[in-house]
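Okay, structure first, notes after.
The values are calculated or read from the model by the stated rules, or taken from the named source; none is laboratory data. Treat the numbers as computed from the prediction; the structure is a model and nothing was measured. Cβ atoms come from the backbone with ideal geometry, glycine included; neighbour counts cover every protein chain shown.
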Amino acid sequence: MQPLSGRSVAVVGSGFGGLSTACHLADAGADVTVVEKNEQVGGRASSLERDGFTFDMGPSWYLMPDVFERFFAEFDREPTDYYGLTHLDPHYRIFFKDNEGRRPGRAPPGLDVDADGDTIDVTPDREQVKAVFDAYEPGAGDVLDDYLAQSRENYEVGMEHFVYEDRPRVRDWLDPSLAEYARGLTLLGSMQDHVEKYFDHPKLQQVMQYTLVFLGGSPDTTPALYNLMSHVDFNLGVYYPDGGMNAVALGMADLAEELGVEFLTDHPVTAIKGRRGGFKVETDGAIGDVLADVVVSDADYAHTEQELLPPEKRQYDADYWESRTYAPSAFLLYLGVEGDVEPLAHHTLVLPSDWQGHFDQIFDDPEWPEDPAYYLCVPSKTDDDVAPEGHSNLFALVPIAAGLDDTDEVRAEYRDLVLEDIAENTGVDLRDRIVVEETFSVSEFADRYNSYQGTALGLAHTLRQTALFRPPHRSKALDGLYFTGSFTTPGIGVPMCLISGEITADYVVDDER
């Protein structure tokens, strides 16, 4: 008999953590109902359709393909049973906003220099990337090999022993075997300290640190262990799932339905009442309340505790949530544009010379960045189905501090600043060619996803908010309530949320046994 036969589970929220949990619990025999606030599944990986354009509203980078392969293999499937994949070349392009500090006279393939700044491509070709690094700093290409070797070791050991295996208590970290696993890993210090040991040139440091955006941290506060993201970037590659990241969410939902999961969309949850064996999940949807033996929340952790539970069933008070460090929110421009947008790549980063200044305006002195770092995604470079013929589909994403005031006036001014900055630093002037335009920012993250302070990602990966210092998967105050998603371990990002769902499901199965 399956371990959860005869047991019912309500999963609140259908982000990647909720979808993963639902699949694992249904596979264990549970009767699973996913209750989703919005009109479509996927959580932040929603899709926006306007006049023939289809936009990924949230995540757009398909990284760590091994995690997706492992997830589907648990159910004797493969990712390509549900969506196609294209290995991007280049992985991404970077426009630096100034030309300062470049060694003149060196322009290998992938390094294009013009009057406005440097442009580099990071491609699957390691030798090409090494040539780019050497152009900025003699010998940096060989140093890159050393850096990535350390990154690979951190990734392989870290994933097996510190990511897939949850360690929620201090005593879990006193296992003598951990000392052997951790030998040689980069565990101490910040990412800034770690990268500076390898590369002197500030632009090369930026290349190695841009992935911190996916972790919601800054170079000074993110633990050096996360240099493992460079292995993800340079060695594992960057892919595009046909139809975008929403297609991945839909594929997981299809798998869930094959396993017997029921989905209720347009059902905002208003309260969670009861305890193990007798929960009632109250909703505003047409079906009404959902009864279950166990509840798993993939909704924003703080929202679940502060809004859906009575005070005596909360693990943390308002002061706790106020004291946390949150990953950035974002200012997003979804744009349908006439014509092409050369020279932008599918993934393009535009980085300012004052790299740290941008992080300071997110974490230390919150304000709208004066000289923003931002990301441009152009899926129509790869996928003909996301834009009408003769048009381009793109969005611009500027990381900004969670909790900022984003009035219509502020957003209109910032929209003009971003479009001007794109024209000035990439040579692509979009302003007279826009046929579809939508914005999304702090207030929408809060309204659509019940996101605390409008954070786009959840809790940042600071040293004090990593591993056992993140909120637990099991509620310590309400028996039978569990959590999954980016607030829990292993943390932020689509692959991490897939793993979080597996960890949560394991806890449910263990406890029900």
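Residue count for the stretch 382-423 under the criterion of being of a type outside the set (A, V, I, L, M, F, W, C) and touching a strand residue (DSSP E or B) at 6+ places or on another chain (Cβ under 8 Å): the result is 15.
Restrict the check to the stretch 437-449 and report whether at least one residue is closer than 22 Å to residue 281 by Cβ and touching a residue at least 40 places away in the same chain (Cβ under 8 Å). So far as the stretch 437-449 goes, yes, one or more of its residues are closer than 22 Å to residue 281 by Cβ and touching a residue at least 40 places away in the same chain (Cβ under 8 Å).
Residue-by-condition table, conditions (1) touching a strand residue (DSSP E or B) at 6+ places or on another chain (Cβ under 7 Å); (2) closer than 30 Å to residue 34 by Cβ; (3) surrounded by fewer than 22 Cβ atoms within 10 Å (Cβ to Cβ):
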{"position": "199", "(1), (2), (3)": "no, no, yes"}
{"position": "209", "(1), (2), (3)": "no, no, no"}
{"position": "225", "(1), (2), (3)": "no, no, no"}
{"position": "239", "(1), (2), (3)": "yes, yes, yes"}
{"position": "243", "(1), (2), (3)": "no, yes, yes"}
{"position": "249", "(1), (2), (3)": "no, yes, no"}
{"position": "253", "(1), (2), (3)": "yes, yes, no"}
{"position": "261", "(1), (2), (3)": "yes, yes, no"}
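Please go through the stretch 398-416 and pick out each residue that is in a loop (DSSP other than H, G, I, E, B) and in contact (Cβ under 8 Å) with a residue 60 or more places away in the chain. It would help to see each step written out before you state the result.
Start the filter on the stretch 398-416 by keeping residues that are in a loop (DSSP other than H, G, I, E, B), which leaves 401-407.
If the condition is that a residue be in a loop (DSSP other than H, G, I, E, B) and in contact (Cβ under 8 Å) with a residue 60 or more places away in the chain, then 401, 402, 403, 404, 406 are the ones that fit.
When you look at residue 419, is it in a loop (DSSP other than H, G, I, E, B) and at pLDDT 95 or above, yes or no?
Numbers: in a loop (DSSP other than H, G, I, E, B): no; at pLDDT 95 or above: yes.
So residue 419 does not fit the description; no.
In the stretch 466-507, the qualifying residues are those that are in contact with a Ser or Thr (Cβ under 9 Å, 6 or more places away or on another chain) and among the basic types (Lys, Arg), and the one that is surrounded by the fewest Cβ atoms within 10 Å (Cβ to Cβ) is 474. If you check residue 233 against the conditions, is it surrounded by 20 or more Cβ atoms within 10 Å (Cβ to Cβ) and modelled with pLDDT of 80 or more? Yes: the conditions hold for residue 233.
Scan the stretch 231-240 for residues that are in a helix (DSSP H, G or I) and under 15 Å from the mean Cα position of the chain (by Cα) and report the count. Talk me through it step by step, then tell me what you get.
Residues of the stretch 231-240 that are in a helix (DSSP H, G or I), as a first pass: 231-236.
Checking which are under 15 Å from the mean Cα position of the chain (by Cα) leaves us with 232-233.
The total comes to 2.
When the residues of the stretch 181-197 are filtered to those that are in a loop (DSSP other than H, G, I, E, B) and at pLDDT below 85, which remaining residue is surrounded by the fewest Cβ atoms within 10 Å (Cβ to Cβ)? The residue in question is 183. Looking at the structure I just gave you, is residue 359 part of a helix (DSSP H, G or I) and among the aromatic types (Phe, Trp, Tyr)? Criteria met by residue 359. Do the conditions hold for residue 256, that is, is it under 30 Å from residue 93 (Cα atoms), part of a helix (DSSP H, G or I) and modelled with pLDDT of 95 or more? Considered against the rule, which asks whether it is under 30 Å from residue 93 (Cα atoms), part of a helix (DSSP H, G or I) and modelled with pLDDT of 95 or more, residue 256 comes out as no. From the set of residues in the stretch 321-343 that are part of a loop (DSSP other than H, G, I, E, B) and of a type outside the set (D, E, K, R), which is farthest from residue 120 (Cα to Cα)? Here the answer is 325. Whenever a residue of the stretch 63-77 is free of Cβ contacts under 8 Å to residues at least 12 places away in the same chain, its partners that are part of a helix (DSSP H, G or I), lying with C-beta atoms within less than 7 angstrom and at least six residues away or across chains, give the pairs 69/79. Can you say whether residue 344 is of a type outside the set (D, E, K, R), closer than 16 Å to residue 381 by Cβ and assigned by TED's automatic domain parsing to the domain that holds residue 432, as far as the supplied structure shows? So residue 344 passes the test.
For residue 508, indicate whether it is within 30 Å of residue 335 (Cα to Cα), hydrophobic (A, V, I, L, M, F, W, C) and modelled with pLDDT of 95 or more. The answer is no for residue 508.
Looking for something under 18 Å from residue 48 (Cβ atoms) and surrounded by fewer than 23 Cβ atoms within 10 Å (Cβ to Cβ) - is there at least one such residue anywhere in the stretch 310-331?
Going residue by residue through the stretch 310-331, those that are under 18 Å from residue 48 (Cβ atoms) are 329-331.
If we keep only those that are surrounded by fewer than 23 Cβ atoms within 10 Å (Cβ to Cβ) too, we end up with none.
Looking through the stretch 310-331, none of the residues is under 18 Å from residue 48 (Cβ atoms) and surrounded by fewer than 23 Cβ atoms within 10 Å (Cβ to Cβ).
Residues that are in a loop (DSSP other than H, G, I, E, B) and of a type in the set (Asp, Glu) within the stretch 307-320 comprise just one, 317. Just to be sure before I move on: is residue 285 in a loop (DSSP other than H, G, I, E, B) and within 30 Å of residue 123 (Cβ to Cβ) in the structure I sent? No. If you check 442, 435, 428 for being modelled with pLDDT of 95 or more, β-branched (Val, Ile, Thr) and out of contact with any Leu (no Cβ under 7 Å at 6 or more places or on another chain), only one passes: 435.
Note on the stretch 344-356: residues that are more than 20 Å from residue 86 (Cα to Cα) and in a loop (DSSP other than H, G, I, E, B) amount to 3. Among residues of the stretch 423-465 being among the β-branched types (Val, Ile, Thr) and assigned to a helix (DSSP H, G or I), the one that is surrounded by the most Cβ atoms within 10 Å (Cβ to Cβ) is 442. Taken together, the residues in the stretch 479-489 that are in a loop (DSSP other than H, G, I, E, B) and under 23 Å from residue 449 (Cα atoms) amount to 6. Scanning the stretch 214-225 for residues that are over 20 Å from residue 397 (Cβ atoms) and in contact (Cβ under 8 Å) with a residue 60 or more places away in the chain yields 220, 221, 223, 225. Within the stretch 222-269, being under 30 Å from residue 308 (Cβ atoms) and of a type in the set (Ser, Thr, Tyr) holds for one residue alone: 265.
Residue count for the stretch 237-251, restricted to those that are more than 24 Å from residue 348 (Cβ to Cβ) and touching a Ser or Thr at 6+ places or on another chain (Cβ under 7 Å): 0.
Scanning the stretch 52-86 for residues that are closer than 30 Å to residue 441 by Cα, surrounded by fewer than 19 Cβ atoms within 10 Å (Cβ to Cβ) and within 19 Å of the chain's Cα centre (by Cα) gives 65, 85.
Within the set of pairs 6 or more residues apart or between chains, which connect a residue that is at pLDDT below 95 inside the stretch 272-292 to a residue that is small (Gly, Ala, Ser) and crowded, with 18+ Cβ neighbours inside 10 Å with Cβ atoms less than 9 Å apart? Close Cβ pairs (under 9 Å, with a partner that is small (Gly, Ala, Ser) and crowded, with 18+ Cβ neighbours inside 10 Å) do not exist here.
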